[in-house]
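Working notes for the structure below.
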Amino acid sequence: MGLELMRVQYGGQPTDFKPMASVGAGVYEIRVRDPSGAYRAFYVAKFDSVVYVLHAFQKKSQKTAKSDIELGKLRYKLIGVKR
């Protein structure tokens, strides 16, 4: 996950990601899988010098849990990103 976030930090794109409009405008989800499981991180990189990681977690089921999405939404509001 750290390598994927570093790619974003230096202006690149993660290897596996998708937009997460359900969390907020400009939010993306990094997707990482390894032998120990599936991991996700919601982030916003709308600014030249900042990457906000809103939430990082291990997925336990096929669908992203509502509680993970709601936590991402709450943190998105806290950083004050204009939609």
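Share of the chain's accessible area from carbon and sulfur, percent, 1.4 Å? For the chain, the apolar C and S fraction of the accessible surface comes to 52 percent. Using the Cβ-Cβ distance between LEU3 and GLU70 with R0 set to 22 Å, the FRET efficiency from 1/(1 + (r/R0)^6) comes to roughly 0.20.
Our helix-only sum for the chain, with -39,500 (n - 2.57) per DSSP H run of n ≥ 4 divided by its residues, gives a mean residue ellipticity at 222 nm of -8000 deg cm²/dmol. Debye sum, Cα scatterers, the chain, no solvent: what log₁₀ I/I(0) at q = 0.14, 0.17, 0.25, 0.26 1/Å? The computed values of log10 I(q)/I(0) come out as -0.43, -0.64, -1.32, -1.40. Residue-wise HN-Hα couplings along region 25-41, as the Karplus relation 6.51 cos²θ - 1.76 cosθ + 1.60 with θ = phi - 60° gives them from phi, are 5, x, 8, 10, 10, 7, 10, 10, 10, 9, x, 8, x, 10, 10, 9, 9 Hz; Gly and Pro carry x. Of the residues VAL27, TYR52, GLY37, the one whose Cα sits farthest towards the positive end of the charge dipole of region 7-61 is GLY37 (charges of +1 on Lys and Arg Cβ, -1 on Asp and Glu Cβ, taken about the Cα centre). Each residue of region 7-15 was assigned a 3J(HN,Hα) from its phi angle through the Karplus expression (A = 6.51, B = -1.76, C = 1.60, θ = phi - 60°), giving 4, 5, 4, 9, x, x, 10, x, 5 Hz with x at Gly and Pro.
Note down the magnitude of the dipole of region 5-83 about its Cα centre, charges +1 on Lys and Arg C-beta and -1 on Asp and Glu C-beta and zero elsewhere, to the nearest 20 debye. Computed about the Cα centre, the dipole is about 280 debye.
The values are calculated or read from the model by the stated rules, or taken from the named source; none is laboratory data. Only a predicted model underlies this, so the values are computations on that prediction, with no experimental measurement involved. Here Cβ is always computed from backbone atoms with ideal geometry, including for glycine, and neighbour counts include all displayed protein chains. These accessible areas exclude ligands, DNA and RNA; they are computed on the full protein's heavy atoms, side chains included. Shrake-Rupley method; radii C 1.70, N 1.55, O 1.52, S 1.80 Å.
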